[in-house]
Amino acid sequence: MAKNFLTIYERTGDSIALNQQFFAKLEAVKGTLIGPTDTDFFFTRSGGSITHTQPKNPSEHRSGRHNNDTLAEKKVTEWSIPTYVNIDTLLGAAATAEVDDAIRLLWKSLLGFEDTATSAVYDSSVDPDITFSLFENGDKWAHQANGAAVEASTLSLPGDGQSGLEWSGRAADRKRVGIGRFTTSSDATNIITLDAATEAKRFPVGSMVMIIEDDGLVRSADTPNGTYRVVTLSDSGTGAITVDGAVLADADGTTGAGFFLAYAEPETPTAISDIQTGLVGSAAIVGLSATCVRSATVTMTNNHEWVDYCFGTDALATPYFVPGSRLMVEVELEMNLNDALIEFLDDLESFTSKDVDLVLGDSTGRHLKVDLPKVVFDVPSVTVPDEGSIPVSFSGIGLQTALDAADEITVSYL
């Protein structure tokens, strides 16, 4: 059912958490907010958020025992989003269409290079250099973040749970946007005057908005699906909101229940919902004939230098991040102690690297493959439990196979 902004606006209750949705869109100009379209939506699990803080500390003014004023620090916008691994397994052949556009964007932001010759393949042969706009939309509210980039992602492949990805990163800034109503005509102008002047506080300068007609469903011809306006002036004294672009021609709020100004959101979000939980998959380690991997976890961390140190700016400044530190690829495996593992442990004591291949899904059909050609594991300690099998946990670091090979990890949708 399409979202009805009339009923949401007139509902007097509090916001409902279950209405949370996320969209991600590649920015043509770094740090410049760009509006989402239907295919920029992606399914997320609960717990995702965009957080925005600006610490304020007491000043050092000599004012006796009493604080007299505060000083603002830099704005900090961070985000974290958990997802399942969705792959369109109905496709006849491997192609980029088997993975959502937004997820492809996250992988490219994380690892840097995307190869789409036959499918979607990602590695670190190119330094990350893109930013995207991230939208977190609820019912009465939305968060719009510009200049976003991925700092880290963790792929979890548990043997007794559901596989998934945890994405996290930072952004330059965040706007909080709501919904307002106007019952006057704004045709032939760029100024929308809301009925309640204080509702202008719901539309900060720089936020991206759209106009909804009196039924709460139809997008105005001034902001058709996937096309939005940017707020250039917001006056909470008069309720006047000025938007960019051509003068409005379909913004006559004198009809019906009035027109609505709302946060940017595509009309018909679409995404792949074909979850690979881990019931089908495999883990192969060269030199180990293991039949049971209890769990596998791969954590990829960029260790970006975030550009939050420029004078005269209150948040991240262009170019927003510098990939100035080493990419860390950390691998954790848990297996049971047995004959084969004893031999494997001997190799680890000799610092022998291991080639690790992880497959999520049916290897004969559409699936996700993670190739780690050179992992050096630490020698683990072995703790014997009171009963049952003896699980052993291994932690290692993925290395490139040769100088400048940049092949410590390759992620492929095949």
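Just so it is clear, none of the values below were taken in a lab; they were calculated from the coordinates. Predicted model, so just to flag it, every value in this text is computed and none were measured. Note: ideal-geometry Cβ built from the backbone for every residue, glycine included; neighbour counts use all protein chains shown.
The H on the amide N of V280, modeled in the peptide plane, is under 5 Å from the matching H of G361, each at least 5 residues off or on a different chain.
Between the amide H of N336 and those of R294, V392, distances stay under 5 Å, these residues lying 5 or more places away or on another chain, with hydrogens modeled in the peptide plane.
Ranked by the mean number of other Cβ atoms within 10 Å of their residues, highest first, the peptides 142-149, 346-353 come out as 142-149, 346-353.
Principal axis analysis of the Cα atoms in the stretch 341-414 yields extents of 42, 33, 16 Å, listed in decreasing size. Along the axis of the charge dipole computed for the chain (Cβ charges of +1 for Lys and Arg, -1 for Asp and Glu, origin at the Cα centre), the listed residues G237, L279, P380 are led at the positive end by G237. With 26 Å as the limit, the listed pairs K30/K374; K3/K25; K3/K30; K108/K369; K30/K108 have K30/K374; K3/K30 beyond it between alpha carbons. Across the alpha-carbon set of the stretch 50-135, the Rg to Rh ratio works out to 1.31, Rh being the Kirkwood radius.
Derived scalar couplings between HN and Hα for the stretch 27-32 equal 8, 5, 10, 3, x, 9 Hz in order, rounded to whole Hz, by the Karplus curve 6.51 cos²θ - 1.76 cosθ + 1.60 (θ = phi - 60°), x for Gly and Pro.
The relative contact order of the chain comes to 18 percent, based on Cα pairs under 8 Å that sit 6 or more residues apart. Computed 3J(HN,Hα) for the stretch 114-124, one whole-Hz value per residue from the Karplus formula 6.51 cos²θ - 1.76 cosθ + 1.60 where θ = phi - 60°, is 10, 10, 10, 4, 10, 7, 9, 10, 10, 8, 9, glycine and proline marked x. Considering every alpha-carbon pair of the stretch 157-200, the percent of pairs per 10 Å bin, from zero through the bin containing the longest distance, is 18, 24, 16, 17, 14, 10, 0. In plain terms, the bigger the Kirkwood radius, the slower the diffusion; for the stretch 289-414, with that radius from Cα pairs, at 25 °C and 0.890 mPa s, Stokes-Einstein puts D at 143 µm²/s. Protection proxy ranking for 377-385, 10-18, using the average of other Cβ atoms within 10 Å per residue and placing the highest first: 377-385, 10-18.
Between the entries (1) 79, 67, 46; (2) 91, 57, 55; (3) 101, 50, 34, the label attached to Cα extents along the principal axes in Å calculated for this structure is (1). If you plug the beta carbon distance of D347 and V384 into 1/(1 + (r/R0)^6) with R0 = 22 Å, you get a FRET efficiency near 0.50. Here the stretch 27-175 is treated as a Stokes sphere of Kirkwood radius computed over C-alpha pairs; at 4 °C and 1.567 mPa s its diffusion coefficient rounds to 73 µm²/s.
For the stretch 378-394, backbone phi angles converted through the Karplus equation (6.51, -1.76, 1.60; θ = phi - 60°) give residue-by-residue couplings of 6, 6, x, 8, 10, 10, 8, x, 5, 7, x, 6, 10, x, 10, 9, 10 Hz, Gly and Pro being listed as x.
Each Lys and Arg adds +1 at its Cβ and each Asp and Glu adds -1 at its Cβ; summed about the Cα centre, the chain shows a dipole of about 1400 debye. When you count the other C-beta atoms within 10 angstrom of each residue and take the mean per peptide, 61-70, 100-109, 229-238, 251-260 line up highest first as 100-109, 251-260, 229-238, 61-70.
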